[in-house]
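Every number here is computed from the coordinates shown, using simple stated rules; none is lab data. It should be emphasised that the depicted structure is a prediction, and the values quoted were computed from it without experimental measurement. Here Cβ is always computed from backbone atoms with ideal geometry, including for glycine, and neighbour counts include all displayed protein chains.
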Amino acid sequence: MSSVILEIIGLDKNFNGVRALTEFSCSLRDCEILGLIGPNGAGKTTLFNVISGFISPDKGKAIFKGKDVTAFQPHQIANFGISRTFQNLRLIRKISVLDNVLFSFMKQPGESLRNVFFRWNKSRDQEATNHKEAMELLEGTGLIQKAGDPAENLSYGQQKLLSLV
């Protein structure tokens with residue numbers, strides 16, 4: 001039996017008296033796909049914003065792989081392995097799929113002029129490591145054959161996958 005990887009316990013969120021979430025609870029098991037449907041204003045986006053750290057709940061918690069992530073910042077939660085996509089995709093459509101992935105890497109040595117001019121070996125080595133990791137991510141999403149294609153040439157579903165990488 002698979003284990004619970006995400007547990008939402010009694011989330012409440014109010015916006016100026018409007019109740020967006022009321023005692024919402026659910027759990028998600030490893031390798032399970034869970035759908036969330038409802039009309040506009042039902043609280044779906046609010047739930048995802050709370051889980052991903054973009055807003056804080058008034059009450060309740062989100063536990064991911066046994067760790068309460070409710071009080072963490074969005075970038076910290078993303079580092080734990082929770083990510084989301086947006087309705088309007090945030091891709092650079094004119095550059096390659098691979099370059100979109102490479103742009104997402106943090107603290108690249110080439111971002112510092114000092115490294116570019118005085119530590120170019122370090123920059124070159126890190127770029128090679130990043131390229132390898134990006135290709136592994138694309139392999140994992142099934143987009144490896146599209147690595148050189150402009151992101152705009154991907155289907156909408158493939159663009160959604162790319163935005164998660």
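Could you give the longest part of the chain that holds none of the trypsin sites (Lys or Arg not before Pro) found in DSSP loops with at most 12 neighbouring Cβ atoms within 10 Å?
Between the exposed loop sites, the longest stretch runs 1-89.
In nm, to one decimal, how far is the residue 68 label point from the residue 80 one, both placed 7 Å along Cα→Cβ?
Result: 1.1 nm between the two label points.
Given the Cα-Cα distance of residue 90 and residue 22 and 0.36 nm per residue of separation, how much length would full extension add, in nm?
21.4 nm
Let me have the 222 nm mean residue ellipticity of the chain computed from DSSP H runs of 4+ only, each contributing -39500 (n - 2.57), with the sum over all residues rounded to the nearest 500.
So the calculated ellipticity at 222 nm is -10500 deg cm²/dmol.
Against the longest principal axis of the chain, how steep is helix 120-141, in degrees 0 to 90 to the nearest 10, with axes from Cα atoms?
With rounding to tens, the tilt is 50 degrees.
Calculate the FRET efficiency for residue 113 and residue 45 from the Cβ-Cβ distance with a Förster distance of 35 Å, rounded to the nearest 0.05.
Taking R0 as 35 Å, the efficiency between residue 113 and residue 45 is 0.30.
Please find, in a Gaussian network model of the chain (springs between Cα atoms separated by less than 10 Å), the residue of 73, 108, 87 whose mean-square fluctuation is greatest.
Comparing 73, 108, 87 in a Gaussian network model of the chain, the most mobile one is 87.
Would you work out if the range 49-165 is rounded, prolate or oblate? Take a ≥ b ≥ c from the square roots of the eigenvalues of the alpha-carbon gyration tensor; rounded if a/c is under 1.5, else prolate when a/b is larger than b/c, oblate otherwise.
Judged from the Cα gyration tensor, the range 49-165 comes out oblate (a/c at least 1.5, b/c at or above a/b).
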